[in-house]
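To start, the structure itself, in structure tokens.
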Amino acid sequence: MSDIIQLLPDSIANQIAAGEVIQRPASVVKELIENAVDAGATSIDVIIKDAGRTLIQVIDNGSGMSETDARLCFERHATSKIKKVEDIFNIQTKGFRGEALASIAAVAQVELNTRTADMELGTSVIIEGSKCTQQEACNCAVGTSFIVKNLFFNVPARRNFLKTERAELGHIQDEFIRVALVHANVAFTLNHNGKVIYNLPKSTLKQRIVNTFGSVYNSRIFPLDTQCDVVNVVGFIGKPEFARKTRGEQYLFVNERFIKHPYFNHAVVSAFESVIPQEHFPTYFIYLQVNPQSIDINIHPTKTEVKFQDERLIYSILHSAVKKSIGNFHLNSQIDFENVSPIEFSTANIHSQPKIPQTVSNPNYNPFANSGGSSGRQNEWKPTVVADGWQKIYESIKENIPEVPTQENIEQIDNQQLVEDTSQISDNVNDISLFQTQNKYIIAKTKSGFVVIEQEAALERILFERNIKYIENQPCTSQKLLFPETLVFTVQDAEIINELLSEFTRLGFEIEPFGNNTFILNAVPPELGDKNVQEIIEQSLEAYKNNLLSLKISKKNNLAHSFSRSLCHQKKNQILTTEEMQSLVNELFSSQSPQISPSGRKICLLFNENELMRLFR
Ligand code: ADP
Ligand code: MG
């Protein structure tokens, strides 16, 4: 038999590699912004069209590239950021794999214009599907501009796989924010279809957070600052009274890199435990700084997973740092949640810096004294305050620190894990098999086992979030009735309807008061079709009134909740087609809390391999 093995041509190898690095337009945005930051830019502009499908442009005023580098940067494993193997253990830049540009150029049409300060003329390179079609001198500003057009033009499966414009833009915004929140000293803009979405001038960290999330944050966050030998913890945390039932802004960074770390998330969230109501999520923007040699950022291609050497110790420091910071705002675990809104902080505290927690320090102790040489780049790790007090604190509390998560206990540590684990369901919903049983449950495969979804609870979550959106942002388009209907209610119900008329309109009803507890119904939400509207409204009002007695929630939340309950009731035990199951699962996992319904019912149960093994034991 003749030899059959061949080396893949670069263009194919790059396209395969691109699958790992470039999953969607947001990945391109992330890689290009990170490169601009690595190039020392102080101003980075991102211009997007059609959520990145047609155009992504990133312009920076960084170092620029020489003529040779402008061509070489598109080669696979071409990087200026690591030179020898030790460098991998001391990474100070965002990128280091030299894969991003090769991957982008494999799946898009890319134009690069770049100039270094010492050159009169810059270089322009055009490359598409890994083939360079043009390279010439050009006039351009110092710095670099990448234009990426028609992403996935040669990978139709990927292109078709992209989600709605809104979803893709959401991913882009997430990536943009994750970088912008770390580099407050760099000006960023994000422009989509000609509209400025973010304009973030160079500022302090607090101002960057406020500019990114809105001026209300000015009075909603307070600082956190604990420095010791193992880790520096700085940043801002949200005042407990602004904790919400939806997972809001929770950002954790290590050495200027956004990370997801359920274990540390637990350290932060549990520090809030006694000061915020159950099922509420605190806001935090926390920046950890550790010796780069004590972490491994090389364990995941998209690099949001980082492995730490001293996980349990950092857990305890982080936990105490947050607790202390909350303590500084005179909050204690005795707060009465019934009277929680609003907690009055004395104005003096809002505007003045809180006291930084004191640590016992030993200025001569350097735990890193013997660790190998670092290559001395810009952000080199320097323990600012050296303290050995933490070791003592750690010894005294270590019994209470949860174990570093293992496969078995990770779900208990953070149920976000469930979302992670099932994210592939929503990502690959066309590829996986779903089935329904008892007209009540949907079963879907996950990475490590399967998940059972309670249909009604899931529907309640989806409808609730949809209704909130209709009421708060985007009214539902209504469907005109051929023949208007007359609805008659009790005095009490008629009163409530009158009070909620504008909310009902936003939900897609067109209801006109006609005197005498009577209303004319001209249009309904399309979802209702030919259902009995009188009954649905009555049921909603029943739930609404019950909620008034038992829950302290806003009018809008109450209506959204009651209306979803009543719709759910209508759709109980419905047989679902595969498409219907797919869209239900998809919508559920893109909702704010896929685990818990607005009425507090469990939506899904996760069975992983270990769980199953245990059940059969
Ligand atoms: P990595 O960032 O992992 O090194 P990339 O493929 O993202 O790999 O980039 C390859 C190289 O191209 C970088 O190491 C850098 O030298 C150069 N480069 C990329 N983007 C820029 C930029 N905006 N300005 C200057 N140089 C850049
Ligand atoms: Mg890079």
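The values are calculated or read from the model by the stated rules, or taken from the named source; none is laboratory data. Please read these numbers as outputs of a predicted model, since none were measured by experiment. Glycine also receives a Cβ, built like all others from the backbone with ideal geometry; neighbour counts cover every protein chain displayed. With ligands, DNA and RNA removed, areas are computed over all heavy atoms of the protein, side chains included. Shrake-Rupley method; radii C 1.70, N 1.55, O 1.52, S 1.80 Å.
Accessible area of the stretch 406-617 with a 1.4 Å probe: how many percent of it is carbon plus sulfur? Spell out each step's value before the answer.
Details: 5530 of 11110 Å².
Carbon and sulfur: 50 percent of the exposed surface of the stretch 406-617.
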Amide hydrogen neighbours beyond the local backbone of Met119, cut-off 5 Å, H modeled:
none
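If you wrap a convex hull around the C-alpha atoms of the stretch 34-111 and split its volume per residue, what is the figure in Å³?
Per residue, the Cα convex hull of the stretch 34-111 comes to 103 Å³.
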Using Cα pairs closer than 8 Å and at least 6 residues apart in sequence, work out the relative contact order for the stretch 207-332, in percent.
29
Spin-label model distance (nm) - Leu615 vs Asn160, 7 Å beyond Cα toward Cβ:
3.5
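If each residue of separation counts as 0.36 nm, what is the full-extension length gain between Asn498 and Ile88 once their alpha-carbon separation is subtracted?
Length difference between fully extended and current span is 141.0 nm.
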What translational D, rounded to a whole number of µm²/s, comes out for the stretch 502-617 from Stokes-Einstein when the hydrodynamic radius is the Kirkwood one over Cα pairs, at 25 °C and 0.890 mPa s?
145
For labels at Val142 and Ser219 in the simple 7 Å Cα→Cβ model, what's the distance in nm?
4.4
Ile596 long-range amide H proximity, modeled H, under 5 Å
Ile603
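For Tyr441, Tyr217, what's the largest-to-smallest order of accessible area, 1.4 Å probe?
Working: Tyr441 75, Tyr217 25 Å².
The ordering from most to least exposed comes out as Tyr441, Tyr217.
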Phe153 label point, 7 Å along Cα→Cβ, cut-off 17 Å on backbone N: hits in the stretch 36-54?
49-54
Can you give the translational diffusion coefficient of the stretch 406-617 in µm²/s, computed by Stokes-Einstein from the Kirkwood radius over Cα pairs at 37 °C and 0.692 mPa s?
176
Would you be so kind as to identify which of Ile471, Thr505, Ala494 lies farthest towards the positive end of the dipole of the stretch 447-567, taking Lys and Arg as +1 and Asp and Glu as -1 on Cβ and the Cα centre as origin?
Ile471
For the stretch 441-501, what are the per-bin percents of Cα-Cα distances with bins 10 Å wide, up to the bin holding the maximum?
16, 23, 34, 15, 9, 2
Value of Rg to Rh for the stretch 207-332 (Rh from inverse mean 1/r over Cα pairs, i.e. Kirkwood):
0.96
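Based on the Cβ-Cβ distance from Glu510 to Asp118, what FRET efficiency comes out when R0 is 60 Å, to the nearest 0.05? Please list the in-between numbers first.
Working: r = 68 Å, r/R0 = 1.13.
Here the calculated transfer efficiency is 0.30.
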Of Lys30/Lys81; Lys94/Lys323; Lys206/Lys239, pairs whose Cα-Cα distance is over 21 Å:
Lys94/Lys323
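Quick one: order Lys163, Lys239 from most to least accessible surface, probe 1.4 Å.
Details: Lys163 65, Lys239 10 Å².
From most exposed to least exposed: Lys163, Lys239.
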Could you tell me what percent of the DSSP beta bridges with both partners in the stretch 10-202 are antiparallel, to the nearest 5?
85
Directionally averaged projected area (convex hull, Cα atoms, the stretch 10-202), nm²
10.7
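Accessible area of the stretch 6-153 with a 1.4 Å probe: how many percent of it is carbon plus sulfur?
On the way: 3400 of 6440 Å².
C and S atoms contribute 53 percent here.
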Would you calculate the separation in nanometres between label points at Gln309 and Glu472, each defined as 7 Å from the Cα along the Cα-to-beta-carbon direction?
4.4
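What do you reckon, how do Asp118, Asp530 stack up by accessible area (1.4 Å probe), largest on top? Please report the intermediate quantities before stating the final value.
Numbers: Asp118 130, Asp530 150 Å².
Ranked from most to least accessible, the order is Asp530, Asp118.
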